[in-house]
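Q: For reference, the structure I am asking about is given below.
The values are calculated or read from the model by the stated rules, or taken from the named source; none is laboratory data. These numbers come from a predicted model, not from an experiment. With ideal geometry, Cβ positions are generated from the backbone for all residues, glycine too; neighbour counts draw on all protein chains shown. Note: areas computed on protein heavy atoms with side chains; ligands, DNA, RNA excluded. Shrake-Rupley method; radii C 1.70, N 1.55, O 1.52, S 1.80 Å.
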Amino acid sequence: MIRNLIIFGTRPEAIKMASLAKEFLKHPDIFETRICVTAQHREMLDQVLDFFEIEPDFDLDLMKPNQNLYNLTSSILSDLKPILETYKPDYVYVQG
């Protein structure tokens, strides 16, 4: 079984990754696929998740007012660490 982890956090990233996620999820006999959202743009991301009927397995919920790229990047890396260590994916897919 191939373990996939698909990560995205913004509406444009989710739109680009949705078809990949949906295709992997169609084949649970071959792929164990988990979806992780960073959710740095919560409202816009949730619209896309609802539209494509994608349910995240992991939600980092990182949206904060006036966040900067440095703090966001640091939070993403530290919050992903336990997910990567526990789930141990064979492949990680990111956009952005």
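Q: Tell me the per residue accessible area of the range 22-96 using a 1.4 Å probe; a whole number in Å² is fine.
A: Spelled out: the 1.4 Å probe surface of the range 22-96, per residue, equals 70 Å².
Q: Got a sec to turn the phi values of the range 8-17 into Karplus ³J(HN,Hα) couplings, 6.51 cos²θ - 1.76 cosθ + 1.60 with θ = phi - 60°, whole Hz, x for Gly and Pro?
A: Karplus values, whole Hz, x for Gly and Pro: 7, x, 10, 4, x, 5, 4, 4, 5, 8.
Q: When the gyration tensor of the chain is built from Cα positions, what are the square roots of 5 times its three eigenvalues, in whole Å, from largest to smallest?
A: Each semi-axis is the square root of five times an eigenvalue, giving 22, 17, 9 Å.
Q: Which listed residue (GLN47, PRO82, MET1) has the Cα farthest towards the positive end of the charge dipole for the chain, taking +1 on Lys and Arg C-beta and -1 on Asp and Glu C-beta about the Cα centre?
A: PRO82
Q: For the chain, how many pairs of lysine residues have a Cα-Cα distance under 22 Å, where the two are 8 or more positions apart or belong to different chains? It would help to have the intermediate numbers written out before the result.
A: On the way: LYS16/LYS26; LYS22/LYS88; LYS26/LYS88; LYS64/LYS81.
Lysine pairs satisfying the spacing and distance rule in the chain number 4.
Q: Still on this model: To the nearest 10 degrees, how steep is helix 69-87 against the longest Cα principal axis of the chain, on a 0 to 90 scale?
A: 30
Q: To the nearest 20 Debye, how big is the dipole of the range 49-96 about its Cα centre, given +1 on the beta carbon of each Lys and Arg and -1 on that of each Asp and Glu?
A: Details: 3 positive and 9 negative charges, 74 e Å.
Approximately 360 debye in magnitude.
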